[in-house]
Each structure stands twice: as C-alpha cells, then as structure tokens.
Amino acid sequence: MSSMLKRLHEDYRTRQKKLTAAVMSVRVLILIVFVGLWELAGRLGWIDVLLFSYPSKLWNQLYTTTLDGTLPPHIAVTVMETAAGFVLGTLLGAALAALLWWYPFLSRVLDPYLVVLNSMPKVALGPIFIVALGPGFLSIVATTLSVTVIITTLAIYNRFREIDANYIKVVRLFGGSRSQVFRLVILPASFPVIISTLKVNVGLAWVGVIVGEFLTAKSGLGYLIIYGFQVFNFTLVLSSLVVIAIVAAIMYQLVAALEERLTRGWRER
C-alpha cells in the first residue's frame, strides 16, 4: 500500500514538473515572438520608431547608460524608495487593521472615511505631500503610502472579520482575553492573507513611487521617463519601462519565494 502511494506521488510530481516546464516554455516562446515581431516591425518601418523604438535600440540605450554609470544610480534610488514604501505600507496597513479589529467602535467610525480615501485618486495628494514634506524622498514615500496603506488595511481587516466566530468562542470559554484571541486565533488564521498582501503591495508600491517621481524627483526611473518625454527621446522612456518591469518582476519573485517559505509550514498544519 505504501509503495503504491509512493509511486502515485512520484507520478504526480513528474506530471507537475512537466506542466511547469511546458508553462515556462510557452512563456519564453511568447516573449521571443513578441520581441522578434517588435524588432522586425521597427526595422521594416511598420511602426513609427520615433515613438515605439525597437528592442535593439533599447538594448543599446541600456548598455550605454549602464556602461557610463548613468543608469545604476537611478535604479538604486527607485528601488530604495519602493522598498521603503513597500515595507512601511505593509506594516502600517497591518497595524491599522489590527487597531480596527481591536476597537469595533473605531472601525464603525472610520469605515466610510477608509472607503473615501481608497477611492480618491492618489496622484491628487502628491502636490500636498510635496508642499508639506518638501520635494524628494519623503514626499515620494508618502505618495507610495497613500497607495498601499488603505488597501492593505481593508484587505487584512476584512480577513480578520471573516474568522469563524466559533474559534473565538472556544478561546473565550477557556478564559482567554482579547489579546489572546487575537494572538491565538485571528492572527494565525489571517497569516496567509497577510503574506499574500505582500505581493499586491509590490505592484502598488511601484505605482506610488513612479507617480511620486513624476511629480517631484530629480533622479530615479520615473524621472528618466519624464525627462525622456520632455526631450522626445522615447527610446529612453521605453528602456526605463523595461528596467522597471525587470526590477519589479525580480522583487515580485522574491516576495513570492518568501510567501512560499512562510506559508509552507502553515499549509502542512
């Protein structure tokens, strides 16, 4: 019996590996076809290369700016701002969600304000942050927090509210305090949602940082995009977007790996 189960498990793992390999192959094929068609369209004049450029020009732009040391400082600035906004947004959002759960009266009071703040276009807050905090790092991080904190709070707090009340009653029956209920029931049951929120915040943090850099930065990838637009250098604009996509994908994969590692033990329970 055990040998049969072992064989079935091995067959399942083999099928999963084949499926993963097939998915990766199709992904790479799509990317190659897209880049190839884009290059061909640019060289044959099917598209306006002044606006859309093509991959080899983007590569030359990235290679040149990396070699002369122009690009790396801009990447470092944007990554630092994104990391700060990502970490602070997640921590503040989770803390605010815990506070709302802890004080139901406060939750009822703040609920409409959270909805309004979540629906407000965050770019409209940028000039206020610039005036209040000055142009630079602080105002950009504040813009990022305006994007990440409210959504994080709502996602985690809604999960807190969805916890089965019977679990809470069991702890209460054994004399558990509110802090013990939160520590032993609410937080463990919400852990997967809290971790998965990290992946959402990766994209939101990048949006907030780039918006902030559009408004006030003198360095960073968002600044390069605005500068490229001003001088009508769309190769610079597109190459900056490519860098953002690559760095954001790397950051997302790191968070996904962290999620897999942290939730592995939780799923096995």
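Every number here is computed from the coordinates shown, using simple stated rules; none is lab data. On a predicted model such as this, the values are computed, not experimentally measured, just so you know. Reconstructed Cβ throughout: ideal geometry from the backbone, glycine too, with neighbour counts over all protein chains shown.
Compute, for segment 143-269, the length of the dipole vector about the Cα centre, with Cβ point charges of +1 (Lys, Arg) and -1 (Asp, Glu) only. Units Debye, rounded to 20. Could the numbers behind the result be given before it?
On the way: 12 positive and 6 negative charges, 118 e Å.
Roughly 560 debye, rounded to the nearest 20.
Over the chain, DSSP H runs of length four or greater, each weighted -39,500 (n - 2.57), average out per residue to a 222 nm ellipticity of -29000 deg cm²/dmol. Overall form of segment 115-269: prolate. Here a/c, set by the Cα gyration tensor axes a ≥ b ≥ c, is 1.5 or more, and a/b is the larger of a/b and b/c. Charged side chains reduced to their Cβ positions (Lys and Arg at +1, Asp and Glu at -1) give the chain a dipole of some 1140 debye around its Cα centre.
Between their Cα atoms, which of LYS17/LYS199; LYS18/LYS199; LYS57/LYS122; LYS122/LYS218; LYS57/LYS218 are more than 30 Å away from each other? Can you show the working numbers first?
On the way: LYS17/LYS199 24 Å; LYS18/LYS199 26 Å; LYS57/LYS122 34 Å; LYS122/LYS218 20 Å; LYS57/LYS218 25 Å.
With Cα atoms farther than 30 Å apart: LYS57/LYS122.
Farthest towards the positive end of the charge dipole of the chain, among the residues ALA41, LEU62, SER107, is the Cα of SER107, using unit charges on the Cβ of Lys, Arg, Asp and Glu. Relative to the Cα centre, the charge distribution of segment 139-194, modelled as +1 at Lys and Arg Cβ and -1 at Asp and Glu Cβ, gives a dipole magnitude of about 200 debye. Rounded to whole numbers, the Karplus 3J(HN,Hα) couplings from phi for segment 202-207 are 4, x, 5, 5, 5, 4 Hz, using 6.51 cos²θ - 1.76 cosθ + 1.60 with θ = phi - 60°, and x at Gly and Pro. Look at the alpha carbon pairs under 8 Å that are at least 6 residues apart: their mean separation over the length of segment 21-119 gives a relative contact order of 11 percent. Across segment 46-51, coupling constants 3J(HN,Hα) worked out from phi with the 6.51/-1.76/1.60 Karplus curve, θ = phi - 60°, read 6, 10, 7, 5, 5, 8 Hz, and Gly and Pro carry x.
The residue list ALA95, ALA76, ALA22 was ranked by how far each Cα lies along the charge dipole of segment 1-101 toward its positive end, using unit charges on Cβ atoms, and ALA22 comes out on top.
The angle between the Cα long axis of helix 71-102 and the main principal axis of the chain comes to about 20°, on a 0 to 90 degree scale.
Please state the shape class of segment 70-196: rounded when a/c is under 1.5, otherwise prolate if a/b exceeds b/c and oblate if not, all from the C-alpha gyration tensor.
Because a/c hits 1.5 or more and a/b exceeds b/c, segment 70-196 counts as prolate.
Could you sort the peptides 23-31, 247-255, 190-198 by per-residue average Cβ neighbour count (10 Å cutoff), highest mean leading?
Numbers: 23-31: 10.0, 247-255: 14.8, 190-198: 18.7.
Ranking, from highest mean packing down: 190-198, 247-255, 23-31.
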